[in-house]
Every structure is written in structure tokens, then in C-alpha cells.
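The values are calculated or read from the model by the stated rules, or taken from the named source; none is laboratory data. Here the structure is a predicted model, which means the values were calculated and not measured. As a convention, Cβ positions derive from the backbone with ideal geometry for all residues, glycine included, and neighbour counts pool all protein chains shown.
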Amino acid sequence: MCKPILAAVLVALVVTSCNRDDRPMTRAEFCQNRSERECSSVAPACLVAEADCQATRQAWCAAWGQGEEDAQRPFDPANADACLSRVSAVFGLLKQNLAIDASNFRSIDTACERVFHGNAKANDICSVDADCSGTLICDKGRCGSLRRVDPGAGCANIGETCPLGYYCGGASGVLMCIVRSGFGSGCGAGTICLEDLRCASGFCTGRVSIGLACQDDGDCASGFCEPFASKCGTDVRFADGTPACLAYQPSVAVPVGQDASTD
């Protein structure tokens with residue numbers, strides 16, 4: 001039986017230790033919590049019933065979580081709070097405007113990327129960063145600690161990455177930080193374009209303008225491929241009938257991957 005505990009300074013204040021719930025959050029609770037935080041702002045912006053919005057987003061979250069766990073990346077409640085806090089902060093912006101800018105929207109991916117993660121150690125096999133434990137990254141198919149190396153230096157060790165304007169490669173089999181290809185140069189497997197270009201039909205070319213179709217952020221001059229419309233833009237707009245709102249309404253296909261994008 002729980003007994004009241006008298007506060008040391010304020011003897012009149014009684015604090016009870018009853019009804020404490022220190023158990024870890026479950027995956028289902030995380031999905032419910034996330035859907036509530038999203039839909040409290042999205043539902044009025046999209047003119048959709050909040051209950052319908054929550055049901056749709058819980059189904060999306062369940063599919064996302066199941067896919068992660070099938071890939072041996074289980075739910076980690078210790079990383080859930082930071083994700084949920086970021087979701088609240090970003091979607092709360094809709095109460096001031098009907099759009100979320102690109103940097104804020106992508107910050108959700110960053111905050112939530114290790115809610116589901118594996119526990120591969122250094123040098124263990126991986127396919128994405130979230131396969132690795134702690135802050136290790138997935139590099140060259142193995143988990144390792146991130147370390148930037150100088151232009152022209154070797155980058156063969158796990159975790160060694162190159163500075164801006166360079167990539168880790170080498171036709172001879174010796175991995176070095178090589179200058180990226182410029183406009184009009186050939187590109188493809190083993191040959192990478194400068195960061196402000198994209199590889200199209202085997203050649204480095206300019207990124208596409210706002211409003212044009214894209215597959216990922218690297219296609220766009222704005223650096224942001226709006227994930228619901230699959231068009232280059234600078235933000236995600238939530239208003240009745242917009243592609244973003246359709247993802248929060250019932251009877252829509254549930255996208256696989258975080259926020260309709262891949263990690």
C-alpha cells in the first residue's frame with residue numbers, strides 16, 4: 001500500500017508515490033502518441049476529422065514500425081521522447097501557418113531515425129545507419145565511427161568519409177578522397193557528381209526547379225523533394241486537397257518509410 005510522503009520543507013504538502021508508471025513506452029503507445037501530436041494540428045488545417053486522422057497515422061506508424069522490426073531494428077523507447085517532442089514542435093507550426101518549411105520537416109527524420117534501431121557493433125555488417133548501435137554509422141557495409149579525412153587521403157577504413165567536393169572511391173581498388181565530377185562529366189556507379197548537381201542519363205547536370213517531379217532531395221535545386229507530392233519545393237503545405245493532407249485522411253495507401261520518405 002502506498003503511503004504519503006511529507007515534503008521536507010513544506011510540511012503541509014503531501015506527495016504520494018501511488019500510481020507511478022515507470023514502465024517503458026510500447027510501440028503501440030508511441031504510434032498513438034505520435035498520431036495525436038500530428039493530428040491536433042493537421043486535422044483542422046486539412047479539414048479532416050481528428051479521429052480519422054489519428055486512425056490513418058496510427059496505421060502508417062504501425063506499418064513503419066513493423067517494417068523496421070522485420071529488418072531487425074526493434075523499437076527503442078529510450079529514443080522515443082526526443083522524436084515525439086520534435087513532432088510536437090514542428091507540427092505545432094501549422095497553428096501559425098499552413099506550411100512546414102523543409103528544414104523543420106526533415107528535422108523530424110533526424111530526431112526519429114533511431115526510434116527503431118539495431119545493435120550492430122563496430123565492424124558488424126549493416127545496410128543503414130539505424131542498423132548500428134549508439135552513434136555508429138553504416139559505411140562500406142559495416143558499422144563504424146565517423147571520421148572526416150583530408151582531400152586526397154585514403155578512406156578505406158570503416159567510418160572514414162571525405163570533405164565537401166570529394167567522394168570515397170578509386171578505380172585501382174585503393175580508396176581515396178577523389179574530386180567529384182563537374183557539370184557535363186560522366187557519372188554513375190563509382191563516379192559521383194558535385195553536391196549541387198545530379199546524375200541523369202549518365203552525365204552530371206543541374207538539379208531541377210521548384211514544382212518539377214523528383215525522386216529524392218538530390219534531384220532538386222532547392223534541396224528538398226516534397227515527399228507527398230514528389231515535386232521539388234521549399235516546404236510541405238497542409239490545406240484541404242493538398243497531397244500532404246491526403247496522407248492524413250482515411251482510405252489512403254499507407255506509405256512505407258518515415259514520413260513517406262526513406263531513411
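Going residue by residue through the stretch 107-129, is there one that turns out to be surrounded by 14 or more Cβ atoms within 10 Å (Cβ to Cβ), part of a strand (DSSP E or B) and over 12 Å from the mean Cα position of the chain (by Cα)?
The answer is yes; a qualifying residue exists.
Looking at Gly184, Gly165, Gly152, can you tell me which residue is of a type in the set (Gly, Ala, Ser) and free of Cβ contacts under 8 Å to residues at least 24 places away in the same chain?
Criteria check complete, one pass: Gly184.
Residue-by-condition table, conditions (1) at pLDDT below 95; (2) closer than 21 Å to Asp129 by Cα; (3) part of a helix (DSSP H, G or I):
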residue: Asn19; (1), (2), (3): yes, no, no
residue: Glu29; (1), (2), (3): no, no, yes
residue: Asn33; (1), (2), (3): no, no, yes
residue: Ala63; (1), (2), (3): no, yes, yes
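Would you point out which residue out of Phe224, Phe203 is within 20 Å of Ser103 (Cα to Cα) and at pLDDT 95 or above?
Working: Phe203 fails: within 20 Å of Ser103 (Cα to Cα).
Selected residue: Phe224, the only one of Phe224, Phe203 that is within 20 Å of Ser103 (Cα to Cα) and at pLDDT 95 or above.
Would you call Ser107 touching a helix residue (DSSP H, G or I) at 6+ places or on another chain (Cβ under 8 Å) and free of Cβ contacts under 8 Å to residues at least 40 places away in the same chain?
Numbers: touching a helix residue (DSSP H, G or I) at 6+ places or on another chain (Cβ under 8 Å): yes; free of Cβ contacts under 8 Å to residues at least 40 places away in the same chain: yes.
Yes: the conditions hold for Ser107.
Run down Leu164, Leu212 and say which single residue is out of contact with any strand residue (DSSP E or B) (no Cβ under 9 Å at 6 or more places or on another chain) and under 30 Å from Ala99 (Cβ atoms).
Details: Leu212 fails: out of contact with any strand residue (DSSP E or B) (no Cβ under 9 Å at 6 or more places or on another chain).
Selected residue: Leu164, the only one of Leu164, Leu212 that is out of contact with any strand residue (DSSP E or B) (no Cβ under 9 Å at 6 or more places or on another chain) and under 30 Å from Ala99 (Cβ atoms).
So how many residues does the stretch 193-225 have that are aliphatic (A, V, I, L, M) and crowded, with 17+ Cβ neighbours inside 10 Å? Give the derivation first.
Looking only at the stretch 193-225, we keep the residues that are aliphatic (A, V, I, L, M), and these are 194, 197, 200, 208, 210, 212-213, 221.
Still in the running and crowded, with 17+ Cβ neighbours inside 10 Å: 194, 197, 208.
Of the residues in that region, 3 qualify.
Return the total of residues in the stretch 226-241 being in a loop (DSSP other than H, G, I, E, B) and crowded, with 19+ Cβ neighbours inside 10 Å. Lay out the reasoning, then the answer.
The first filter runs over the stretch 226-241 and keeps only residues in a loop (DSSP other than H, G, I, E, B), leaving 227-230, 233-234, 238-241.
In the following step, the residues that additionally are crowded, with 19+ Cβ neighbours inside 10 Å were identified as 227-228, 233, 238.
Total satisfying the criteria: 4.
Please enumerate the residues belonging to the stretch 131-149 that are surrounded by 14 or more Cβ atoms within 10 Å (Cβ to Cβ), without any contact (Cβ under 8 Å) to a residue 40 or more places away in the chain and under 24 Å from Cys112 (Cα atoms).
Initial filter on the stretch 131-149 (surrounded by 14 or more Cβ atoms within 10 Å (Cβ to Cβ)): 131-133, 136-140, 142-145, 149.
Restricting the remaining residues to those that are without any contact (Cβ under 8 Å) to a residue 40 or more places away in the chain gives 132-133, 136-140, 142-145, 149.
Cys132, Ser133, Leu136, Ile137, Cys138, Asp139, Lys140, Arg142, Cys143, Gly144, Ser145 - these are the residues of the stretch 131-149 that are surrounded by 14 or more Cβ atoms within 10 Å (Cβ to Cβ), without any contact (Cβ under 8 Å) to a residue 40 or more places away in the chain and under 24 Å from Cys112 (Cα atoms).
Could you check Gln72 against (1) on the phi > 0 side of the Ramachandran plot; (2) in contact with a Cys (Cβ under 6 Å, 6 or more places away or on another chain); (3) not β-branched (Val, Ile, Thr) and say which number it fails?
It is condition (2) that Gln72 fails.
Return only the number of the condition from (1) surrounded by fewer than 13 Cβ atoms within 10 Å (Cβ to Cβ); (2) without any contact (Cβ under 8 Å) to a residue 40 or more places away in the chain that Lys95 does not satisfy.
(2)
If you go through the stretch 191-206 one residue at a time, do you hit one that is in a loop (DSSP other than H, G, I, E, B) and either basic (Lys, Arg) or closer than 30 Å to Gly65 by Cβ (or both)?
Restricting attention to the stretch 191-206, the residues satisfying the condition of being in a loop (DSSP other than H, G, I, E, B) are 192, 194-196, 201-202.
From what's left, either basic (Lys, Arg) or closer than 30 Å to Gly65 by Cβ (or both): none.
No, the stretch 191-206 contains no residue that is in a loop (DSSP other than H, G, I, E, B) and either basic (Lys, Arg) or closer than 30 Å to Gly65 by Cβ (or both).
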